[in-house]
Structure formats: structure tokens, C-alpha cells
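What follows is calculated from the coordinates using simple rules that are stated; it is not laboratory data. Computed from a predicted model, the values in this text were never measured in an experiment. We place every Cβ from the backbone using ideal geometry, glycine too, and count neighbours over all the protein chains shown.
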Amino acid sequence: MNAIPVIAIHGGAGTIVRSAMNTDAEARYHAALNEILGAAQRLLAGGGSALDAVTEAVRLLEDCPLFNAGHGAVFTAAGTHELDASVMDGATLEAGSVSCVTRVKNPVLAARRVLEVSDHVMFTAAGAEAFAAAQGLEFVEPSYYYTEARHQQWQKARGTLRTMLDHDAATFAFAGASEIQDTPGEDDPLDPAKKFGTVGAVALDAHGHLAAATSTGGITNKQAGRVGDAPLIGAGCYASDATCAVSTTGTGEMFIRMLAAYDVAAQMEYRGVSLDEASHDVVMNKLPRIEGRGGLVAVDARGNVVLPFNTEGMYRGYARVGEAPVTAIYR
């Protein structure tokens, strides 16, 4: 019997701001996560593919300024925005990704088109934008990505002459989020100065197929041209019907070095362990050995869902067809 279709998403992991817990910030994040899960859930309920579900979920996450992807992306050291995204189809092992795009409204749609029509897997910078333009995708002015909260984060990071991970820069001596909050009423339950800001989705459809997608604006004050794990197949995104679909969020360089997303699938295939055991080993054991911080969402071919993280919180949720969505922020 086929498993019930399911979608799981994440919107970044990081350090909890205790002072923000008594605000309506939690409600806004839960509402956004629920809305996005609901849209993907309806798509799956109508017989849509896992690939369509993760693409749509990440597109909506890119459009939401609460998250660091698309509208609301962080600033580079040059005061610009460079966005990355990837998509992988577990049924075929086909994949597509783009990195360092500066005017594509939805990088995940560009990654999807790479998967669908290109002989290649990854395009970057000007080449990625030329490809997206040839595919007729929507372009925006760089100002589209701007939000005041991200600009304040960047100004603070510039003063330290360090990069600042959007969801968790615990190794940096940044002040609390109260100094860099967005406009009143838009504070963040996770410290904006200590937060990993990748978004992603994984899904299982009614046909038993898996897919994953990941997107990010990167890290605040990053050097122009820096590429993290989000667009790298096997590091920030992986899907195979034989094992699982994975999307990660965290210290990108560490997830690259660990091949974190693929490691979950490899442990399932070669060690014969469950999705839960493989994910726990990667997030709780292997990544911390190299100071890797963050988490992931993953689903296997039986519909098992895991959402482990080694930080204080992670925006996350899942929704099975026929059931109410479940969302969470804290541990």
C-alpha cells in the first residue's frame, strides 16, 4: 500500500530570542508556515508530484519576507544580493541548481528549469541569469529583495568586519536581536543575528516518488561570489526514491564538507539504518564534530518524516494529506 503523501518544510534554524517569545512574532511565523504547507498539501491531495510540491513550497518561502530567500534575502559585503537554489527529483535522480543570481525573482523556478530542459545540472551568476531569461522566468530589480531588517543586520555585520550567519552566528559576539529588530511587530523568535537562513522542502507523493528543494540568500556580509550548501546537490539538497529526500539549513561550509544531505541517504542505503537514525547521526553526531550548526528536514519512501536540528530552534512543519499541518519553532 502506498504511503500517504506528505510535505515537510523548514525556514531556517538558530538561537531563540527569549524576549521575543511574548510577542505575536510566533503567530506570524506559524501562520506563514501553515499557509505554505497548506498550499503544497492541496497540490499533493490533487495527485500532484512531489517535485511540484517542493517547488511550490519553496517558491512561496522565497516570496515571504520572513525568510532569507528571494524577497527578504540577506546582503553581501558589497551591499548586493546573491541567491542560490536547487531541486532534485528522487524518481529520476535529475537535478538542477543556480547560484549567485541577482535578479531572478524565484531562484527555485530557475533551478527547476535547469532540471527540466538543460543537459547540465548547475549554472552560476551571469550564465544562470542568461539561462533563466531564455526560459522566460520573471526578473526583478535588486531592490525587490530588500527588507529593512536585513539591511540593519548587514550594517551591524559590517561593523564587525565579519560574516554573520542569518540564523545562528553563535561564534560571533553580536548583540541581542533587540538592537536589530525590524519595524515594530516584526521581531523574530529566533535571533536575527544568530540565525541560519536557508529554506527548503521535501515531499512524498501518491505515486511513491520523492523530491527535495532548497533556496537561500546566503549569509549576511558574505564575500561576493561565495556559494554555500543550498545549491549543491548532496550537500544542501538530495532526493532518491531508493532512500529519502533531504533539505538542510545551517553553516553551509560545514554541510558541504560533510555532504550532509547525501550522507543521510548513504547511511540508509549502505548501513541499512532508518531515516531517523541516519538523520540523527548526521545532525547530532557528525556535524558538531566540525562545528556544524543547523538542521534538516527529510522524508523517506514510507512517508516517515524527521526534522532534527542541533540549535535552539528551527522553523519547521509538515502536512500529510487528510491531516492538519503541524508547525513548530522551538525544540
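Computed over the alpha-carbon pairs of the chain, the distance histogram in 10 Å steps reads 7, 31, 37, 21, 4, 0 percent, short to long. At most 14 other Cβ atoms within 10 Å plus a DSSP loop assignment makes a site exposed; report the longest stretch of the chain without any exposed GluC sites (Glu not before Pro). Longest gap between qualifying sites, sites excluded: 139-290. The stretch 2-17 and the stretch 251-269 have Cα centres separated by 17 Å.
Find the centroid of the Cα atoms in the stretch 290-330 and in the stretch 30-70, then give the distance between the two in whole Å. That distance is 14 Å. So, in the chain, how many Lys pairs have Cα atoms under 16 Å apart, if the pair is 8 or more places apart or on different chains? The number of close lysine pairs in the chain is 5. Legend: ranking of residues S49, S215 from fewest to most surrounding C-beta atoms inside 10 Å; resulting order S49, S215. Based on the convex hull around the alpha carbon atoms, the stretch 199-301 presents an average projected area of 6.2 nm². Here the residues D229, D241, ranked from fewest to most Cβ neighbours within 10 Å of their Cβ, fall in the order D241, D229. In this rough spin-label picture, where each label sits 7 Å from Cα along the Cβ direction, the E94-Y270 distance is 2.8 nm. Projecting the Cα atoms of P189, G70, S274 onto the charge dipole of the chain (Cβ charges, centred on the Cα centre) puts P189 farthest toward the positive pole.
Relative to the Cα centre, the charge distribution of the chain, modelled as +1 at Lys and Arg Cβ and -1 at Asp and Glu Cβ, gives a dipole magnitude of about 580 debye.
With a simple spin-label model that places each label point 7 Å from the Cα along the Cα-to-Cβ direction, the separation between R42 and E291 comes to 4.6 nm. As a proxy for reagent exposure, ranking L259, L190, L287 by other Cβ atoms within 10 Å from fewest up yields L259, L287, L190.
Quote the Stokes-Einstein diffusion coefficient, in whole µm² s⁻¹, for the stretch 42-171, based on the Kirkwood radius over alpha carbon pairs, a temperature of 4 °C and a viscosity of 1.567 mPa s. In µm²/s, the coefficient is 83. Beyond 13 Å, what percent of the Cα pairs of the stretch 253-299 remain? Distances greater than 13 Å cover 47 percent of the Cα pairs.
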